[in-house]
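Reading through the structure tokens given below for one structure.
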Amino acid sequence: MSFSWRYETQDGAAVAAADLPDERFPTQSDAESWIGEAWRDLLDRGVDQVSLLEGDRQVYGPMSLHPAE
């Protein structure tokens, strides 16, 4: 089973744009490392929050990409 990120707006609607990465990761750690590097670019592309998936199962989320105030 692989890990991936679901991209969402603030209201939880899926963001499905052709220019968003469709990355798959062999481990949760790899997925978390990637989001730590990619979150600013995703935010710039209209993604407000993400949820981590293992296959179809939600591991956790939604997790906001907006900096804490």
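The numbers here are math on the coordinates, done by the rules we state, and not lab data. Everything numeric in this text was worked out from a predicted model, so none of it was measured. Heads up, the Cβs are rebuilt from the backbone with ideal geometry, glycines too, and the neighbour counts pull from every protein chain shown.
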_Residues with amide H under 5 Å from that of L65, placed H, sequence gap 5 or more_ = Q49, V50
*Cα axis of helix 28-44 to longest principal axis of the chain: angle in degrees, 0 to 90, nearest 10?*
20 degrees
*asked:* Which one, S2, L42, P21, is farthest towards the positive end of the dipole of the chain when Lys and Arg carry +1 and Asp and Glu -1 on their Cβ?
replied: S2
*Please give, to one decimal in nm, the separation of the simple spin-label points placed at E54 and A68, each 7 Å out from Cα toward the Cβ.*
2.6 nm
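Just from its helices, what would the mean residue ellipticity at 222 nm be for the chain, if runs of 4 or more DSSP H residues each count -39500 (n - 2.57) and the sum is divided by every residue, rounded to the nearest 500 deg cm²/dmol?
Working: 1 runs with 17 residues, N = 69.
Rounded to the nearest 500, the figure is -8500 deg cm²/dmol.
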